[in-house]
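The values are calculated or read from the model by the stated rules, or taken from the named source; none is laboratory data. The model shown is predicted, which means the values in this text are computed figures rather than measured ones. No Cβ is skipped: glycine too gets one built from the backbone with ideal geometry, and neighbour counts run over all protein chains shown. The area values use the complete protein model at the heavy-atom level, side chains included, leaving out ligands, DNA and RNA. Shrake-Rupley method; radii C 1.70, N 1.55, O 1.52, S 1.80 Å.
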Amino acid sequence: MNDPEIRARLYPLLQGGVYIEELPTGTTRADVVHITPQFMHGYEVKGDGDTLQRVANQLRCYAEVYDFVTFIITEKHLARLLPLLPDWVGIAVASPEAGALRPHRAACYNATVQRAPLAGLLLLDEVKQYLLARGLAGASTLRKREVAHYLRTAHTVPLSDLAHYVRERLIARLPERLLLREERKAERGRRAAAQQRRQARRRN
């Protein structure tokens, strides 16, 4: 089974809130992130044609920001993947024979979320607005690394409050993401049509 086939089985299970595909997360991208006002659940999809070479880095990045993490895989990956994942990470298996994903184990709450990587899901200006609203004078002049250092070392920013703000902003940004996706799709269509016209003229 390939990635699109597996995702098609995942989407109907994401009830409430929104989901975002290919969300930049640390040094990788989460395939699908389900976001509600209460939690964020990151999903990594491994189809038959995928490898497990990036699992360690993906897990590290997801563990820093998502309340729950689940790997959705095909049967061929199960035996090799199990030793690579801690017990709190969920696993579901997709197979051509079954019409739905087969739960192997449910995801448990992740207690390793960190403030700086979590804020990294947002635009820098959004994080600065949050810090200004909490009374941090001069937040608007801070550079990205200074913001990250402040969030790592200051204990005046409650993780729960920051997490709520991040979820709120990502949900609010979804319509903009969808519009941008449609614009890119339309642009690809225009380029393909233009290329076909050029090829037709050369043939004539």
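Inspect all residues belonging to region 190-199 and state whether any of them is open to solvent by 30 Å² or more (accessible area, probe 1.4 Å), assigned to a helix (DSSP H, G or I) and among the small types (Gly, Ala, Ser). Let's see the steps before the verdict.
The initial filter retains those residues of region 190-199 that are open to solvent by 30 Å² or more (accessible area, probe 1.4 Å), namely 190-193, 195-199.
Within this subset, residues satisfying the condition of being assigned to a helix (DSSP H, G or I) are 190-193, 195-199.
Narrowing the set further to residues that are among the small types (Gly, Ala, Ser) leaves 192-193.
Yes, there is a match, as at least one residue in region 190-199 is open to solvent by 30 Å² or more (accessible area, probe 1.4 Å), assigned to a helix (DSSP H, G or I) and among the small types (Gly, Ala, Ser).
Restricting to region 153-174, give me the number of residues that are closer than 10 Å to Pro37 by Cα and hydroxyl-bearing (Ser, Thr, Tyr).
Matching residues across region 153-174 total 1.
Please find, among Leu151, Leu118, Leu82, Leu131, the residue that is in a helix (DSSP H, G or I) and open to solvent by 50 Å² or more (accessible area, probe 1.4 Å).
Criteria check complete, one pass: Leu82.
Could you list, in sequence order, the residues of region 1-52 that are in a strand (DSSP E or B), open to solvent by 20 Å² or more (accessible area, probe 1.4 Å) and either among the hydrophobic types (A, V, I, L, M, F, W, C) or closer than 20 Å to Ala172 by Cα (or both)?
Selection gives Val18, Tyr19, Glu21, Glu22, Pro24, Arg29, His41.
If I filter region 85-115 down to residues being among the small types (Gly, Ala, Ser) and outside any loop (DSSP other than H, G, I, E, B), which single residue comes out as modelled with the lowest pLDDT? Talk me through it step by step, then tell me what you get.
At the first step, the residues of region 85-115 found to be among the small types (Gly, Ala, Ser) are 90, 92, 94-95, 98-100, 106-107, 111.
Filter again for outside any loop (DSSP other than H, G, I, E, B), leaving 90, 92, 94.
Working: Gly90: 98, Ala92: 96, Ala94: 93.
Per the criteria, the residue is Ala94.
Mind listing just one residue for me: the one in region 134-148 that is under 23 Å from the mean Cα position of the chain (by Cα) and open to solvent by less than 40 Å² (accessible area, probe 1.4 Å) and, of those, nearest to Asp67 (Cα to Cα)? Steps first, please.
Initial filter on region 134-148 (under 23 Å from the mean Cα position of the chain (by Cα)): 144-145, 147-148.
So of that shortlist, the ones also open to solvent by less than 40 Å² (accessible area, probe 1.4 Å) come out as 147-148.
Working: Val147: 22, Ala148: 20 Å.
That would be Ala148.
For region 53-64, what are the residues that are in a loop (DSSP other than H, G, I, E, B) and either open to solvent by less than 10 Å² (accessible area, probe 1.4 Å) or touching a helix residue (DSSP H, G or I) at 6+ places or on another chain (Cβ under 6 Å) (or both)?
Keep residues of region 53-64 that are in a loop (DSSP other than H, G, I, E, B), which gives 53-54, 64.
Selection gives Glu64 alone.
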